[in-house]
Amino acid sequence: MGQTRVIVGLGSCGLAAGAGKVYEKIRSLKEAEDLDFKLSKTSCSGMCYREPLVEVVDETGWYLYGGINEDIAVELLNSHVANNNPVKEHIVCTDLYDTPDSRFFRQQVKIALRNCGRIDPENIMEYEARGGYEALKRIIDENTDPRSIIREVTDSGLRGRGGGGFPTGLKWKYTFNHKSTEKYVICNADEGDPGAFMDRSLLEGDPHSVLEGMIIAGLATEATSGVIYCRAEYPLALKRLDIAIRQARERNYLGKDFDISVKEGAGAFVCGEETALISSVEGYRGMPAKRPPFPAESGLWKKPTNINNVETFANIPWIMRQGAAEYARYGTEKSRGTKVFALAGKIRHGGLVEVPMGITIKDIVFGLGGGIPGDKTFKAVQLGGPSGGCIPAWLADTPVDYESVNATGAIMGSGGLVVMDETTCMVDIARFFLDFTARESCGKCTFCRIGTMRMLEILVRITEGSGREEDIAILEDLAGQIKESSLCGLGQTAPNPVITTIRYFRDEYEAHINQKRCPAKACKKLLRYEVDESNCTGCTVCARNCPVSAISGERKEIHYIDQDICTRCGICYLKCRFDAIMVT
Amino acid sequence: MRVERIINKRQELVPGQNTDTGLLDGVIRKYSGKRGIMIPVLQETQKIYGYLPRETFLRLSEELGLNLSDMYGVATFYAQFRLSPVGRHIIRVCHGTACHVQNAQGITDALEETLKVADGGTTDDGMFTLESVACLGCCSLAPVMMIGDETYGKLTGKEAVKVIKNIRIKEKKLPI
């Protein structure tokens with residue numbers, strides 16, 4: 001008879017939802033009552049919308065409980081663990097029968113995320129038990145030629161998962177071809193894109209797969225050391241990387257021939273760009289440099305350097321173990337394998353999913369994501385963060401692969417997928433991203449530095465109701481110029497959100513400019529607050545809370561909002577308990 | 001010079017604060033003679049003081065051979081570094097895409113009004129610093145704010161204000 005296991009998901013999202021307290025509660029109860037079960041930790045399984053998650057594995061099967069708090073945890077222990085009586089109403093998934101949430105896992109193919117949520121990331125033995133470091137050991141035992149490793153990666157069709165989509169095998173080959181006594185492998189974990197969290201989850205959930213991928217890359221490119229450039233905003237990922245590196249050194253996977261160090265990024269979006277990242281690792285401002293020379297020739301400390309993203313590295317050990325052909329089985333002709341997406345925004349099942357390339361946007365949003373909450377209408381998805389674009393609902397049949405996504409004007413990016421419904425204003429979204437890129441522009445190229453600022457000013461003006469007729473044309477003109485005259489990816493892609501929203505939602509821009517109206521009712525300055533006379537009870541709450549005294553009316557009489565004074569702050573709308581404030 | 005002007009202004013704001021640069025001994029020992037140290041040195045300095053005081057620039061520059069203007073360049077380039085002291089509690093309101101579409105601005109607005117500080121500012125009593133951050137990575141709990149290590153999810157402006165008030169009440173009960 002196997003011992004019952006209780007596993008608590010302790011990723012950042014789980015901890016934010018209160019998983020730490022749940023874990024402590026279970027631990028203290030186990031000790032206090034001397035219960036017989038094995039308690040372990042794991043990381044994010046991707047089902048963020050059900051956090052905190054607790055798994056119970058006993059001889060009857062596997063049960064995943066969701067939405068657990070301390071009280072439910074006690075109930076779980078008493079009922080399920082102590083008396084073999086599963087608490088049905090909290091079961092999210094089980095291998096015994098289908099639940100509404102089963103679909104979430106069934107449609108996924110987990111390669112990069114193969115261990116996330118399955119192992120304790122702080123224990124190297126659990127990684128090894130699932131085939132970890134096998135690929136590396138085989139390469140070392142068989143003394144595999146670097147060229148054959150590179151060929152295997154090339155054959156798999158793996159392309160850079162950080163956004164660019166450059167074939168990984170080819171990149172390795174370039175670095176291999178540049179001979180030097182000092183060479184570097186860098187892992188780009190500077191996930192600055194707002195709305196993307198797959199790299200963080202991978203580092204928190206399975207740091208060893210990234211390390212193994214880097215070591216293999218090191219052997220293939222004949223590199224002498226590795227650097228992981230990770231955001232300082234990810235304290236848990238940094239801590240787990242530290243533990244993983246220490247354990248890998250103890251087992252001699254890392255050490256004298258090839259060692260890895262971690263550099264904490266200090267918060268600059270532009271450092272996701274290769275040359276800027278190198279400059280930052282060297283300790284300077286993260287300003288991009290002109291290419292060529294490419295990092296493969298002259299990178300960190302002017303030595304040949306190979307840079308890949310976290311997810312790319314996590315795929316490598318799997319490819320080396322299962323073979324290129326097995327990986328290439330998934331995906332489309334030109335985009336092989338799987339891609340991890342971070343689902344967020346107006347979606348029921350937000351979280352982390354890994355799907356074969358070529359799946360349609362509709363399948364992701366409605367199949368895996370469970371659709372839009374409330375009875376709202378699906379309007380668009382934003383793919384690729386500030387460098388990406390909006391894909392409208394009527395293009396939801398677009399397959400997700402590099403070429404098809406690029407054809408819509410968006411980019412695959414690192415995989416942030418933010419869903420928007422009818423209440424999201426597309427002009428406001430464009431303004432939001434421009435605000436981000438204008439602030440993050442490093443300032444080196446004039447068009448990026450000043451052009452994004454000018455575009456932002458125009459967008460702000462439009463959302464505030466002072467848009468001019470010629471504004472759309474100016475935006476389009478500026479967008480083209482910024483794209484052409486910027487050195488790095490940040491500037492070249494910064495106008496994308498504006499270009500795509502104008503292309504697909506021109507009518508919204510026109511409504512803002514010509515009719516001073518926001519169709520999504522999101523741009524505050526364009527709204528009009530009025531009292532609904534049939535609902536107003538004259539309770540005076542709105543008048544008392546109005547910061548500019550725009551509301552007048554006697555007690556128990558219908559109130560009135562003076563539109564000339566009203567600043568459209570919306571406080572009256574929030575404060576009214578009788579639904580008597582209308583927004584038009 | 002821009003450095004002088006800004007730093008002088010800051011020091012007037014915090015009267016009577018003397019920086020003990022002796023605390024930097026460890027950092028200097030650890031990084032002396034190495035390359036690519038500027039960012040980690042500033043990060044560790046900030047860990048010690050909570051921000052980067054003027055005196056630390058001078059000492060680090062002298063003892064580690066770092067160029068003062070390069071240091072200032074780095075400190076102002078990256079979002080992580082601060083040149084002025086922060087409050088005891090740093091409120092980080094997430095403005096990532098997911099939080100933005102779920103009205104993160106409403107939270108910042110409500111907090112700005114309650115705390116009477118602008119985004120990035122510190123309250124007069126030195127209790128709170130209000131910050132907007134790009135993404136905390138808890139997108140499924142949007143909108144989110146983080147105070148210390150505690151994350152608060154699925155917020156409204158009203159709830160955010162309540163959290164702040166509770167912290168104020170708790171602090172007042174603490175013996176000084």
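The values are calculated or read from the model by the stated rules, or taken from the named source; none is laboratory data. Being a predicted model, the structure only gives us computed values, none of them experimental. FYI the Cβ positions are ideal-geometry reconstructions off the backbone, even for glycines, and counts take in every protein chain you see. Heads up: the accessible areas ignore ligands, DNA and RNA and are worked out on the full protein's heavy atoms, side chains in. Shrake-Rupley method; radii C 1.70, N 1.55, O 1.52, S 1.80 Å.
Summary of values
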{"quantity": "Given charges at Cβ of Lys, Arg, Asp, Glu: the range A:528-583 dipole, positive-most of A:559, A:583, A:569", "calculated": "A:569"}
{"quantity": "Residue among A:96, A:29, A:78 farthest towards the positive dipole end of the range A:5-101, charges placed on Cβ", "calculated": "A:29"}
{"quantity": "Distance in nm between pseudo-label sites at residue B:159 and residue A:326 (7 Å out along the Cβ direction from Cα)", "calculated": "4.4"}
{"quantity": "Helix-derived mean residue ellipticity, 222 nm - over chain B, DSSP H n ≥ 4, -39500 (n - 2.57), to 500", "calculated": "-14500 deg cm²/dmol"}
{"quantity": "Given charges at beta-carbon only (K, R positive; D, E negative), |dipole| of the range A:528-583 in Debye", "calculated": "280"}
{"quantity": "Per residue accessible area in Å² of the protein assembly as shown, where ligands, DNA and RNA are left out and the probe is 1.4 Å", "calculated": "43"}
{"quantity": "Buried area at the B-A interface (accessible, heavy atoms, 1.4 Å probe, summed, Å²)", "calculated": "3100"}
{"quantity": "Placed amide H near residue A:532: partners under 5 Å, 5+ positions off or other chain", "calculated": "A:581, A:582"}
{"quantity": "Highest to lowest packing among A:379-388, A:399-408, A:173-182, scored as the average C-beta count within 10 Å", "calculated": "A:379-388, A:399-408, A:173-182"}
{"quantity": "Peptide A:422-432, shielding by other chains (average Cβ, 10 Å cutoff)", "calculated": "2"}
{"quantity": "Degrees separating the helix B:2-13 axis from the principal Cα axis of chain B, which is the longest one", "calculated": "60"}
{"quantity": "Average Cα contact separation per residue, chain A, under 8 Å, 6 or more apart, as relative contact order %", "calculated": "11"}
{"quantity": "Among A:177, A:198, A:216 the positive-end extreme of the charge dipole of the range A:166-224 (Cβ point charges)", "calculated": "A:177"}
{"quantity": "Where labels lie 7 Å past Cα in the beta-carbon direction, separation of residue A:549 and residue A:246 in nm", "calculated": "6.4"}
{"quantity": "Other protein chain Cβ atoms within 10 Å, averaged over every residue that makes up A:343-351", "calculated": "5"}
{"quantity": "Charge dipole magnitude, Cβ of K and R +1, D and E -1 - the range A:338-421, Cα centre, debye nearest 20", "calculated": "240"}
{"quantity": "Residue A:298 long-range amide H proximity, modeled H, under 5 Å", "calculated": "A:305"}
{"quantity": "Hz values of 3J(HN,Hα) by residue in the range B:142-154 - Karplus curve (6.51, -1.76, 1.60), Gly and Pro given as x", "calculated": "4, x, 10, 9, 10, 10, x, 9, 8, 10, 10, x, 6"}
{"quantity": "Theoretical FRET efficiency, 1/(1+(r/R0)^6), r = Cβ-Cβ of residue A:481 and residue B:118, R0 45 Å, to 0.05", "calculated": "0.85"}
{"quantity": "Residue mean of other protein chain beta carbons inside 10 Å, B:70-81", "calculated": "5"}
{"quantity": "Rg to Rh, two decimals, where the protein assembly as shown supplies the alpha carbon set and Rh follows Kirkwood", "calculated": "0.97"}
{"quantity": "Mean Kyte hydropathy of 0.5 or more with a Cα span along the axis of at least 20 Å, helices from DSSP in chain A", "calculated": "A:207-221"}
{"quantity": "Aspartates and glutamates whose Cα lies under 14 Å from that of residue A:263, excluding same-chain neighbours fewer than 8 positions away", "calculated": "A:190, A:191, A:233, A:242, A:282, B:44"}
{"quantity": "DSSP-defined beta bridges in the protein assembly as shown - what % are antiparallel, rounded to 5", "calculated": "55"}
{"quantity": "In nm, spacing of pseudo-spin labels at residue A:503 and residue A:148 (7 Å Cα→C-beta vector)", "calculated": "4.5"}
{"quantity": "The protein assembly as shown, dipole about Cα centre (Lys/Arg Cβ +1, Asp/Glu Cβ -1), debye to the nearest 20", "calculated": "1100"}
{"quantity": "Pairs from A:521/B:173; A:239/B:173; A:521/B:154; A:376/A:483; A:173/A:290; A:334/A:483 whose Cα-Cα separation, in the structure shown, is over 32 Å", "calculated": "A:521/B:173; A:239/B:173; A:376/A:483"}
{"quantity": "Cut-off under 5 Å, modelled amide H: who pairs with residue A:331 long-range", "calculated": "A:337, A:357"}
{"quantity": "Pairwise centroid distance, computed over Cα atoms, of the range A:269-303 with the range A:48-65, Å", "calculated": "44"}
